[in-house]
1. Just need the relative contact order of the chain here, percent rounded to a whole number, with Cα pairs under 8 Å and 6+ apart.
2. Taking 8 Å as the Cα distance limit and 6 or more residues as the minimum spacing, I'd like the relative contact order of the range 61-113 as a percentage.
3. Which number gives the lysine pairs in the chain that have C-alpha atoms under 20 Å apart and are eight or more places apart or on different chains?
4. For the range 18-141, just say rounded, prolate or oblate: build the C-alpha gyration tensor, square-root its eigenvalues into a ≥ b ≥ c, call rounded for a/c under 1.5, and beyond that prolate if a/b exceeds b/c, oblate if not.
5. Going by amide H atoms built from the backbone, whose H comes under 5 Å of the H on Ala31, apart from near neighbours?
6. Only helical DSSP H runs with n ≥ 4 go in: add -39500 (n - 2.57) per run for the chain, normalise by residue count and round the 222 nm mean residue ellipticity to 500 deg cm²/dmol.
7. Using mean Cβ contacts within 10 Å as the protection proxy, how do 187-195, 120-128, 143-151 order, highest first?
8. Once both labels are modelled 7 Å past Cα along the beta-carbon direction, what's the Ala149-Arg123 spacing in nm?
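What follows is calculated from the coordinates using simple rules that are stated; it is not laboratory data. It should be emphasised that the depicted structure is a prediction, and the values quoted were computed from it without experimental measurement. Here Cβ is always computed from backbone atoms with ideal geometry, including for glycine, and neighbour counts include all displayed protein chains.
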Amino acid sequence: MQPDRSLLTLALDTSSVFTLFGFVQGDTLLAEQKSQAPLQMRDHLPHQLQGFLRANEAAHGAIGAIALAIGPGSFTGLRVSLALAKGIAYARGIPVWPVSSLKVLAANAQGFDGTIATVIPARKGECYLGLYDGEELLPVHEPVCIDYAELETHVPEDAVLLGPAVAELPSETRERLAAPLSRAHSDHHAPSAFRLALLARMEWQGRKAPDLDSLSPHYLKEFPA
């Protein structure tokens with residue numbers, strides 16, 4: 001079944017320090033709001049999203065699906081964004097299409113001739129790491145949560161390394177990963193609403209969307225209650 005390019009998709013990603021909202025229709029990014037703020041500011045997400053919807057829905061029409069970065073990433077960010085997505089989906093009778101937060105970042109460098117390594121901050125000197133084939137974005141292995149000091153042993157020397165955790169790399173780790181870091185463009189470290197929506201459409205349109213009641217964030221590690 002071919003994807004419906006007329007479908008208006010709301011893209012939502014708050015899995016890291018970035019807050020991302022977007023409207024995508026077909027191969028066109030209609031609107032995007034991206035900001036960077038401390039994770040403690042996530043209490044403002046409902047108000048921010050409401051403002052974004054109010055400013056853009058009148059111009060672009062009714063949302064037909066929600067593309068959601070489902071994790072791994074910030075516990076608070078994932079929990080709040082999923083709650084918001086479910087609320088909109090229940091009220092409007094539309095599906096939520098989850099996509100790996102690490103794969104959303106990998107899509108920034110799709111077409112790279114090699115491995116794409118993506119990193120999102122975790123806690124206590126750790127990060128979430130995903131490795132993907134540069135052409136098809138197929139996972140090389142399951143995502144892992146590791147110490148920054150272990151990155152050198154997991155990231156191939158000929159890879160490209162990108163993601164919001166790059167800014168937190170210790171200087172010694174950055175020196176050892178100089179080659180993979182040098183291949184990434186500065187704007188590749190943040191998620192893209194356009195790429196999130198396209199990935200979600202490719203993965204889910206024509207398939208049964210996940211049940212909203214059982215849909216939960218992909219935390220990858222346990223968090224204290």
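1. Values: 455 pairs, mean separation 51.8, N = 225.
Across the chain, relative contact order equals 23 percent.
2. Working: 51 pairs, mean separation 24.8, N = 53.
Relative contact order comes out at 47 percent.
3. Lysine pairs satisfying the spacing and distance rule in the chain number 4.
4. Details: a/c = 2.03, a/b = 1.37, b/c = 1.48.
Taking the square roots of the gyration eigenvalues as a ≥ b ≥ c, the range 18-141 is oblate.
5. Phe23
6. Working: 7 runs with 67 residues, N = 225.
Mean residue ellipticity at 222 nm (helix-derived): -8500 deg cm²/dmol.
7. Values: 187-195: 21.1, 120-128: 18.9, 143-151: 16.7.
Order by mean packing, descending: 187-195, 120-128, 143-151.
8. Simple spin-label model gives 2.0 nm for this pair.
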